[in-house]
Amino acid sequence: MANTNDGTTKARKPATKKSSTERIFGPKVMAHGFVGVPNILVRGQKRLGITPTQFNILVQLLSYYYDPDRPPFPSKRELAERIDITQQTLRINIKALEDAGLLQREQQKTSAGDYGSNRYHLTGLIEKLKKLEPDFAEERKERQEARKLTERPRARAEARAKGGMRDGGTE
């Protein structure tokens, strides 16, 4: 409760807890928005067979992806400028992402019948990330089990004696 000038008290609004991202970067930086990039995409880049340029293109496309029912449609010029590559390099890498089944281009037309920017469907990327998820879940479980073995006295020695020690660790 807070005192007011007229002697009455007024309920204070509960302080909102800042997100970890806001605590790291600060509210001014975060006021400009952020992009949701799944860790599986970051950590699985090599398994997906994508280059750093292709990864950057995907992250740039994700920055335009606000609604699952509305695929992103930035212009090639804007994407190329953001990444500091030529439009030709952008086209080559988008074609490679399309050939890998990670995105699908859809040519848009303006109301006058002219060609507009491409719409980029990321369904292939999303499906491939979902297929990788079980491997990442298994790895997380193995890490948790290894941590338990390290935290409990003699747990590693007991696991080794039972033949269940797979991580090659020592006591």
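The values are calculated or read from the model by the stated rules, or taken from the named source; none is laboratory data. Treat the numbers as computed from the prediction; the structure is a model and nothing was measured. Glycine also receives a Cβ, built like all others from the backbone with ideal geometry; neighbour counts cover every protein chain displayed. SASA here: full protein model, heavy atoms, side chains in, ligands and nucleic acids out. Shrake-Rupley method; radii C 1.70, N 1.55, O 1.52, S 1.80 Å.
Points to keep in mind about this one:
- Against the numbered list (1) in contact with a Leu (Cβ under 6 Å, 6 or more places away or on another chain); (2) surrounded by fewer than 12 Cβ atoms within 10 Å (Cβ to Cβ), Leu97 comes up short only at (2).
- Single condition Gln87 does not satisfy, out of (1) exposed (fewer than 10 other Cβ atoms within 10 Å of the Cβ); (2) over 19 Å from the mean Cα position of the chain (by Cα); (3) at negative phi: (1)
- Just one residue in the set Lys148, Lys131 is open to solvent by 100 Å² or more (accessible area, probe 1.4 Å), part of a helix (DSSP H, G or I) and within 30 Å of Asn93 (Cβ to Cβ); that residue is Lys131.
- Matching residues in segment 107-146 - criterion: being over 26 Å from Arg47 (Cα atoms) and of a type outside the set (Ser, Thr, Tyr): Gln107, Gln108, Lys109, Ala112, Gly113, Asp114, Gly116, Asn118
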